[in-house]
Amino acid sequence: MSDENEERDEDFVMAFQDSCDRPALLLIHGFPLSSQMWEPQLDDLAEFVRVIAPDLRGHGQSDSVPGPYSITQLAEDCADLLGHLNVATPFVVCGLSMGGYIALEFYRRYPEYVAGLILAATRAGADSPEGKAGRDKAAELAKNEGATAVSAGMLPKMLAPSTYEDDEELVEFVEDVMGAASLNGVVGALAAMRDRVDSTPMLGDIAVPVLILHGADDQLIPVAEAEAMFKAIPNAELVIVPDAGHLPNLEQPDIFNDAVIDFLEEIFGEDDEDE
Ligand code: MLT
């Protein structure tokens, strides 16, 4: 990761400019989704920043490498990608749910690269013993009946009950995106989430602005988790998204995008292209 753009040749170093010098936003998807889940964000936010949305290993179009994975490894994968793309620093890191666990880990490892954090539908704590047992049970289910057995069980809880009943198109979209995760990806990520560290002790030391976004009707991670992070992080803003469950960026994209754009403008300043 570097602020400089330089291509090295044997004889000289060529300097150049490209639009990718804009401040960047890393979008890290949840489990067992992919960068496709950011569909309503990609174009809208690209007007303001350089948007980078990877498919984590084993998910979406990325290779289906065998696990177990770790949250640290997934954060390092993202760091490697940003380094490879020579992304200007500092940038904003946004993670939803499992992506939020990775975003917190990214900050723990590379605070100097992070201008701000967006924590969506996530929590800071580690898994309880019952939660860890649930991960193992889900991994067994995936191994015995396929990865989609896990995603099918999660689907009704991914969205607010009202979205699940009324928005057939969105339900099918989420089902398709989750259905693309490989068996390796599902089993590997379950192990990563099971073994993740408790980030709660770090919250008071977060020195950058943090935007916390959470669906009011999230059935997988209760709103109380977002409220607890809001209280513990020194410079945080909390937006509870009405009529949204675990995927507020898909269920209420306008509210989600407006909050993110305001946050990006606070951090990077308003786009002065027209001035
Ligand atoms: C996710 O959406 O990424 C997962 O539901 C998070 C989790 O299971 O802890």
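The values are calculated or read from the model by the stated rules, or taken from the named source; none is laboratory data. Source: prediction; values computed, not measured. Cβ coordinates were reconstructed from backbone atoms using ideal geometry, including for glycine residues, and neighbour counts include every protein chain displayed.
Of all the criteria given as (1) within 13 Å of the ligand (Cβ to nearest atom); (2) at pLDDT 95 or above, the one not satisfied by Ala207 is (1).
What number of residues in segment 107-134 are among the hydrophobic types (A, V, I, L, M, F, W, C) and either on the phi > 0 side of the Ramachandran plot or without any contact (Cβ under 8 Å) to a residue 40 or more places away in the chain (or both)? Give the steps one after another, and end with the answer.
Going through segment 107-134, the residues among the hydrophobic types (A, V, I, L, M, F, W, C) turn out to be 114-115, 117-121, 124, 126, 133.
Retained after the next criterion (residues that are either on the phi > 0 side of the Ramachandran plot or without any contact (Cβ under 8 Å) to a residue 40 or more places away in the chain (or both)): 121, 133.
So the count comes out to 2.
Of the residues making up segment 135-148, none is surrounded by fewer than 18 Cβ atoms within 10 Å (Cβ to Cβ), in contact (Cβ under 8 Å) with a residue 60 or more places away in the chain and either within 12 Å of the ligand (Cβ to nearest atom) or in a helix (DSSP H, G or I) (or both).
Considering segment 102-134 alone, what residues qualify as being in a helix (DSSP H, G or I) and over 25 Å from Phe268 (Cβ atoms)?
Hits for segment 102-134 are Pro129, Glu130, Gly131, Lys132, Ala133, Gly134.
Results for (1) at positive phi; (2) within 14 Å of the ligand (Cβ to nearest atom); (3) buried (at least 21 other Cβ atoms within 10 Å of the Cβ), shown as yes or no for each residue.
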{"site": "Arg57", "(1), (2), (3)": "no, no, yes"}
{"site": "Cys78", "(1), (2), (3)": "no, no, yes"}
{"site": "Thr89", "(1), (2), (3)": "no, no, no"}
{"site": "Leu96", "(1), (2), (3)": "no, yes, yes"}
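So for segment 218-227 (the condition being polar (S, T, N, Q) and in a helix (DSSP H, G or I)), does at least one residue qualify? No - not one qualifying residue is present in segment 218-227. For Leu74, the requirement of being farther than 20 Å from Gln252 by Cβ, of a type in the set (A, V, I, L, M), touching a residue at least 24 places away in the same chain (Cβ under 8 Å) and not in a helix (DSSP H, G or I) is not met.
Of all residues in segment 107-124, exactly one satisfies the criterion of being more than 20 Å from Met158 (Cα to Cα) and under 11 Å from the mean Cα position of the chain (by Cα), namely Leu117. For segment 98-118, the set of residues classified as among the aliphatic types (A, V, I, L, M) and away from the ligand (no atom under 12 Å from the Cβ) consists of Leu104, Val114, Ala115, Leu117, Ile118, listed by residue number. When every residue of segment 228-240 is checked against the conditions, at least one turns out to be under 25 Å from Asp77 (Cβ atoms) and within 17 Å of the chain's Cα centre (by Cα).
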